[in-house]
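A.B. asks: One structure follows; several queries about it will come next.
The values are calculated or read from the model by the stated rules, or taken from the named source; none is laboratory data. Computed from a predicted structure; not experimentally measured. All Cβ positions, glycine included, derive from the backbone under ideal geometry; neighbour counts span all protein chains shown. Please note that ligands, DNA and RNA were not included when accessible areas were found on the heavy atoms of the full protein model with its side chains. Shrake-Rupley method; radii C 1.70, N 1.55, O 1.52, S 1.80 Å.
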Amino acid sequence: MNKLKSIIMGGIAVLALASCSDDQYNEFYNNPNEVTKAPCATLFTATLYDKDGRDYTFNQYWRVYTWDNIFGKYAQTCGYANNSGNVYFYNDGYANDRWNGFYRRLAQFRQLENTYANEDPSAQANDLILKDLAEVFIIDHATQIADLFGDTPYSKAGMLGITNDIVSSRAAFDDDVEIYRNAINRLGELYTEIESLKGTLSDNVKSTLIAGQDFINRDVAGDDALYHLIDRWLMYANSLRLRLAVRVALNGELAAFGQSAIKECMNRQLVTDAYDQIEVRSDEDGFNFWENFRDGYKDINNVASQPMIDAMQRVEGENDYRLPVIYTPNAEGKYIGTNREETNGFQTEHGSSFNGFGNIPSYENRYYAHLEIATFTGNRLFISPIISAAEVWFLRAEAYQRGWASGNAEDAFTNGMIESTKWYYKQNNMYAAAKDEAKSGGVATHYTYPGDEAVRTYASKLWNTYDEKLEGILTQKWVNFGIIQPQQAWNDIRRTGYPALSYPTDTQAQNMKELPNRMMYPNTEKANNRANYDAVVGVQGDDAYTKLFWAK
């Protein structure tokens with residue numbers, strides 16, 4: 001991790017502004033007048049990695065505890081206390097942190113664009129690939145922000161470090177329809193350009209990327225490492241494009257546009273197996289972020305979700321092979337999770353030593369199942385998926401089932417089940433030293449993957465339990481997202497209504513009585529960008545129950 005930190009700090013200092021003291025600033029730059037001359041390679045990594053350590057690309061503590069638990073309870077992929085008056089509440093400060101984190105990254109990318117634009121042609125030929133890869137990443141996060149808030153500043157945002165003009169840096173909000181239209185178009189263009197650059201990269205760029213500048217795909221090795229790394233980025237761009245195209249293809253004014261893009265995506269490289277997944281890996285010597293995120297999982301996200309269990313016990317007399325590597329049963333060997341129909345009193349009675357589901361009770365007293373230790377809280381080598389092979393297969397299954405592309409929906413569904421099951425078993429066996437710890441409770445268990453054919457047989461039975469095949473595809477995709485990608489799970493619920501879950505009215509809440517459709521703009525944005533905030537409120541509004549254009 002030290003090497004990566006030294007790489008990115010130069011780029012981060014470009015736009016640190018009030019975040020750094022003068023002494024810290026001069027540590028990175030002897031001449032403050034030269035701050036805009038950080039190289040594209042440094043700015044590339046600074047775009048990918050957030051300086052504050054509150055990173056939303058991988059599952060470290062801040063994301064898990066303050067952010068993912070919001071969507072874990074909205075999507076019901078984690079167990080959660082039904083505290084009356086607080087069921088759908090979220091902290092504005094957490095939304096503000098997510099918002100600001102994106103705009104810090106966007107500012108780094110704008111600096112990268114500006115540096116590239118002012119280079120001579122030979123330097124541009126060297127650095128174009130870095131700019132393109134960084135833009136794929138920025139589009140990913142820009143659309144995540146649009147998925148949360150709707151209209152957001154984008155095309156003119158992040159320019160303060162270039163213009164030094166505070167007034168003009170207060171950017172107008174872009175229409176989220178246009179953010180999506182631009183994202184889908186640009187990902188198609190970037191795919192073509194990156195593919196054309198693959199065989200022309202300089203030795204400098206090759207060594208830069210392989211040496212660790214690219215922390216997303218940094219585990220690539222071997223004689224053809226560079227080419228495989230670029231292939232992964234092609235898969236990232238196209239798989240992300242497929243995700244976005246499917247999101248808009250069902251509802252709203254981009255439906256036909258999205259369906260057309262889906263057909264194009266099917267003829268380009270997509271993530272198909274775990275080897276090519278887009279992900280960030282932890283390890284003991286480098287990205288050792290597990291020490292923090294495991295505490296996030298030991299807290300409210302640790303308790304099992306009954307709807308998740310139900311989806312994995314749908315085949316009569318058989319459990320989904322993922323069930324034992326996701327959850328450890330309770331003291332009686334039963335898989336019981338929380339659900340929205342339980343009262344807070346019942347949950348307290350059956351989990352009083354949870355202290356609001358904060359601390360796991362002793363194993364012999366446990367009523368609710370909890371996360372499997374070897375897979376989650378005892379796993380030093382935890383992998384954080386960005387786009388998984390399972391998700392892509394489920395996207396393909398939906399597209400085939402709806403007639404948006406030609407293919408066999410059941411085969412794609414089965415491949416999704418296989419890749420999802422493999423991934424969870426891989427997590428379960430990543431760290432051999434996973435062990436019983438006081439905070440975790442119970443004993444970590446490593447399981448042997450049952451094999452593709454066993455999962456294929458189970459998937460066929462599971463497929464046949466669904467009269468509505470789209471329900472099956474979306475529900476098992478939701479299980480795959482689980483507690484690892486709960487925002488994506490919530491996106492699908494808003495888009496399709498699947499899985500159909502119970503969301504009782506929180507009669508004791510002052511404001512958030514029902515499940516929201518979007519997040520409201522952070523209070524800091526209202527204060528710092530008031531004129532543009534007022535303008536977007538006049539068009540979109542700022543109500544938690546306004547549906548986004550792609551929502552059902």
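A.B. asks: Rounded to the nearest 0.05, what FRET efficiency do residue 273 and residue 552 give with R0 = 25 Å and r taken as the Cβ-Cβ distance? Could you check?
C.D. replies: E(calc), rounded to 0.05, equals 0.20.
A.B. asks: Sorting check: for 197-204, 481-488, 337-344, which peptide has the highest mean count of neighbouring beta carbons within 10 Å, and how do the rest follow?
C.D. replies: On the way: 197-204: 12.5, 481-488: 23.1, 337-344: 17.0.
Ranking the peptides 197-204, 481-488, 337-344 by packing returns 481-488, 337-344, 197-204.
A.B. asks: When the convex hull of the C-alpha atoms of region 114-255 is computed, what volume per residue in Å³ does it have?
C.D. replies: In region 114-255, the Cα hull volume divided by residue count equals 125 Å³.
A.B. asks: Something else about it: Residue by residue through region 190-197, what is 3J(HN,Hα) from phi via Karplus (6.51 cos²θ - 1.76 cosθ + 1.60, θ = phi - 60°)? Round to whole Hz and write x for glycine and proline.
C.D. replies: 5, 4, 4, 5, 4, 4, 5, 8
A.B. asks: Amide H neighbours of residue 174 under 5 Å, at least 5 residues apart or on other chains, H built in the peptide plane: list them.
C.D. replies: Here the answer is 152, 154, 155, since their amide H atoms fall under 5 Å of that of residue 174.
A.B. asks: Modelled label-to-label distance, residue 445 and residue 200, 7 Å Cα→beta-carbon offset: nm?
C.D. replies: That separation, rounded to one decimal, is 5.6 nm.
A.B. asks: Okay, next question. Looking only at region 456-485, which residues have a backbone nitrogen under 13 Å from a spot 7 Å from the Cα of residue 316 in the C-beta direction?
C.D. replies: Backbone N within reach: 465.
A.B. asks: Can you give me the accessible area per residue for region 68-208, using a 1.4 Å probe, in Å²?
C.D. replies: 34
A.B. asks: Heavy atoms of the protein only, probe of 1.4 Å, neighbouring chains included. What is the accessible area of residue 264 in Å², nearest 10?
C.D. replies: 90
A.B. asks: From the phi of every residue in region 131-146, what ³J(HN,Hα) in whole Hz does the Karplus formula 6.51 cos²θ - 1.76 cosθ + 1.60 yield, where θ is phi - 60° and glycine or proline is x?
C.D. replies: These are the phi-based 3J(HN,Hα) values: 5, 5, 5, 5, 5, 4, 5, 5, 4, 3, 6, 4, 6, 4, 5, 5 Hz.
A.B. asks: Shifting gears a bit: Where Rh denotes the Kirkwood radius from the mean inverse Cα pair distance, what is Rg over Rh for region 80-129?
C.D. replies: Reported Rg/Rh, Kirkwood definition of Rh: 1.43.
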